[in-house]
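The values are calculated or read from the model by the stated rules, or taken from the named source; none is laboratory data. As the structure is a computational prediction, the values presented were derived from the model and not from experiment. Please note: Cβ atoms are built from the backbone with ideal geometry, for glycine as well, and neighbour counts cover all protein chains shown.
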Amino acid sequence: MKPARGITTLAEMKEFAGFSSATQRFIRRSLDVGLEREDAMIRWSRDVVEAASIRAQARLYERLPELRQIIPDDTGLNAVEPFLGRLVTFAAFDLGQGRLTSFSAFRFLYERLVGAEIRPWLPSAFCAAAALPHLHPELRRALLQSISESAATASGWSNLQPAFFPHWVEKVDGGTSLAQ
């Protein structure tokens, strides 16, 4: 790992640590579902409501490979319609779960689910999904207020792929010595 990559990884870890525990949990769960890392139902389901949510998310996320394939190379309007409509559907589902409470959390998740190529499209997809009527008005307000002017009006985006992909970490017994 190059030194700059290490700095990037640490910055991404710090950003993730700044999210609420519910947001962190949802991001890890979503990555397990979307990247097929773990059996999300076994790992994350605490009750029947959450089990149903994970099943719905898994059905939706089955279409992630297709979304990755149709990311437009340019901003031509011909390529936008099929792509952005699908991305907004994904975003609407995830924002509707109530665990992604800011643009930065949304961006963090989608950069990992889809890749760095998604960055130019995230502000528009986020704003469209955050304004949909299925969200409670207070959540809509909080989400839309969370996107900074600089994020909404960026003139360029990094093509550097994310380095830190958070995983489930088992709790360590505080009384057990690691030196044993």
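Listed here are the residues, each with its yes/no results for (1) loosely packed, with under 11 Cβ neighbours inside 10 Å; (2) without any contact (Cβ under 8 Å) to a residue 40 or more places away in the chain; (3) charged (D, E, K, R); (4) out of contact with any Pro (no Cβ under 8 Å at 6 or more places or on another chain).
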| residue | (1), (2), (3), (4) |
| --- | --- |
| Trp44 | no, yes, no, yes |
| Arg55 | no, yes, yes, yes |
| Asp73 | yes, yes, yes, yes |
| Leu100 | no, no, no, yes |
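In the range 125-141 there is at least one residue matching the filter, namely being under 19 Å from Arg86 (Cβ atoms), within 15 Å of the chain's Cα centre (by Cα) and not small (Gly, Ala, Ser). In the range 136-156, the residues that are touching a residue at least 24 places away in the same chain (Cβ under 8 Å) form Cβ pairs under 7 Å with partners that are surrounded by 14 or more Cβ atoms within 10 Å (Cβ to Cβ) and among the aliphatic types (A, V, I, L, M), at six or more places apart or across chains, as follows: Leu143/Leu95; Leu143/Ala130. Counting only helices (runs of 4 or more DSSP H) that sit wholly inside the range 1-115, those with at least 2 residues that are modelled with pLDDT under 95 and of a type in the set (Asp, Glu) are 3-17. When you look at Arg63, is it on the phi < 0 side of the Ramachandran plot and either surrounded by fewer than 16 Cβ atoms within 10 Å (Cβ to Cβ) or free of Cβ contacts under 8 Å to residues at least 24 places away in the same chain (or both), yes or no? For Arg63, the condition - on the phi < 0 side of the Ramachandran plot and either surrounded by fewer than 16 Cβ atoms within 10 Å (Cβ to Cβ) or free of Cβ contacts under 8 Å to residues at least 24 places away in the same chain (or both) - is met.
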